[in-house]
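Asker: One structure follows; several queries about it will come next.
The values are calculated or read from the model by the stated rules, or taken from the named source; none is laboratory data. Being a predicted model, the structure only gives us computed values, none of them experimental. Backbone-built Cβ (ideal geometry, glycine too); neighbour counts: all protein chains shown. The protein model used for the area step is the full one, side chains on, heavy atoms only, and it has no ligands, DNA or RNA in it. Shrake-Rupley method; radii C 1.70, N 1.55, O 1.52, S 1.80 Å.
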Amino acid sequence: FSFCPDVYKINSIKTLLNRAYNISSNYIVLHEEIEKLRLYFINNHYKIDTFFKIVREFLSVKFSIVTKHQNVPKLIKYVKLPFYGKVSYTLRKNLNEILRKEFPAIDFRFVFTNNFTIGSFFSIKDKIPESVCSNIIYEFTCPSCSARYIGCSSRAFRCRVFEHMGRSFRTGEILNRMPFSSIRDHSHQEDHIFGERDFKVICHFNSMQEALLGERILIERDEPELNGRV
């Protein structure tokens with residue numbers, strides 16, 4: 001009775017049928033597995049006619065000889081549609097009729113989505129601590145003169161901050177070989193002391209390519225003083 005596309009419910013039967021078929025060593029075992037599934041889905045209020053229809057279709061595919069025809073495969077395109085019950089099925093049917101006529105070489109496959117889930121009511125995952133976030137853009141502000149620096153990192157935020165400080169993020173000890181940092185150079189030349197609290201994450205991205213593009217846009221827009229140091 002859950003409010004979701006019927007294909008999800010049908011695929012739950014098909015998935016378990018396929019599993020039963022793959023693990024069964026003979027027809028008797030397969031029959032026993034199907035009987036277990038029948039009881040399982042009946043107890044979950046599935047219609048028995050629907051269950052046996054899917055079983056017949058599944059077995060007919062597995063135990064019939066299919067003659068393969070050489071055809072040029074169609075280009076498959078997936079399209080998301082919001083799920084609103086019967087209205088969505090009608091919309092999919094109408095769209096399929098139109099698109100088959102206009103784009104016969106493309107196989108449009110519509111996927112229903114439903115944002116009304118348990119996760120939409122509350123967060124079911126713990127928030128990732130900022131110190132271990134990667135693919136980020138961060139900003140540094142000098143506590144003495146307010147000079148700024150904008151950078152990006154594909155590694156954990158805390159690792160990048162400690163690199164600017166010239167220390168190991170594991171032990172806190174000074175590194176033997178320090179990577180270049182205009183922030184650290186500014187600190188040494190101007191005798192301005194800085195720490196972890198002077199850094200903050202301003203953007204998160206899914207990939208480093210996006211982070212690099214975002215960094216370049218922010219540098220061009222804000223012109224932070226320390227990014228121009230060579």
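Asker: Let me check against my output: what whole-number percent is the relative contact order of segment 26-156, with C-alpha pairs under 8 Å and at least 6 apart?
Answerer: So the answer I get is 16 percent.
Asker: Under the definition of Cα pairs under 8 Å and six or more residues apart, what whole-number percent is the relative contact order of the chain?
Answerer: 16 percent
Asker: Also, quick follow-up: Where both residues lie in the chain, what percent of DSSP beta bridges are antiparallel, nearest 5?
Answerer: So the antiparallel bridges amount to about 60 percent of the total.
Asker: Okay, next question. Relative contact order of segment 86-207, please, whole-number percent, based on alpha carbon pairs below 8 angstrom and at least 6 residues apart.
Answerer: 25 percent
Asker: Separate question: Could you order the peptides 155-163, 24-32 from most to least packed, using the average number of other C-beta atoms within 10 Å per residue?
Answerer: Result, highest mean Cβ count within 10 Å first: 155-163, 24-32.
Asker: Turning to a different aspect of this structure: Let me check something: with ligands and nucleic acids excluded, how do Phe3, Phe199 order by accessible area (1.4 Å probe), largest to smallest?
Answerer: Phe3, Phe199
Asker: Here is a follow-up. Percentage of Cα-Cα pair distances in segment 102-153 greater than 17 Å, rounded to whole percent?
Answerer: That fraction is 70 percent.
Asker: Per the Kirkwood definition applied to all pairs of different Cα atoms, how many angstroms is the hydrodynamic radius of segment 1-80?
Answerer: The answer is 14.7 Å.
Asker: Need one word for the chain: rounded, prolate or oblate. Basis is the Cα gyration tensor (sqrt eigenvalues a ≥ b ≥ c); a/c below 1.5 gives rounded, then a/b vs b/c decides.
Answerer: Taking the square roots of the gyration eigenvalues as a ≥ b ≥ c, the chain is prolate.
Asker: Taking 0.36 nm per residue of sequence separation and subtracting the Cα-Cα distance, how much length would be gained by fully extending the chain between Leu95 and Arg197, in nm to one decimal?
Answerer: 31.3 nm
Asker: Pairwise over distinct Cα atoms, reciprocal of the mean inverse distance: report the Kirkwood radius of segment 127-230 in Å, one decimal place.
Answerer: 14.0 Å
Asker: Cα-based Rg of segment 127-187 per 2.2 N^0.38 Å, rounded to two decimals?
Answerer: 1.14
Asker: Further, regarding this structure: Residues of segment 135-149 with amide nitrogen under 20 Å from the 7 Å Cα-to-Cβ point of Met178?
Answerer: Within reach of a label on Met178, which here means backbone N under 20 Å from a point 7 Å along Cα→Cβ, segment 135-149 contributes 139-149.
Asker: When only DSSP loop residues count, what trypsin sites (Lys or Arg not before Pro) in segment 1-96 have their Cβ near at most 12 other Cβ atoms within 10 Å?
Answerer: Lys47, Lys68, Lys74
Asker: Another question about this same structure. Quick one: angle between helix 208-222 and the longest Cα principal axis of the chain, in degrees between 0 and 90, rounded to 10, please.
Answerer: It is inclined by approximately 40 degrees.
Asker: Here's something else I'd like to know. Could you tell me the convex hull volume per residue, in Å³, taken over the Cα atoms of segment 43-101? Kindly include the intermediate steps, with their values, before the conclusion.
Answerer: Values: hull volume 9.8 nm³, N = 59.
Each residue corresponds to 166 Å³ of Cα convex hull volume.
Asker: Using a Förster radius of 45 Å, what is the FRET efficiency between Lys127 and Ile28 based on their Cβ-Cβ separation? Nearest 0.05, please.
Answerer: 0.30
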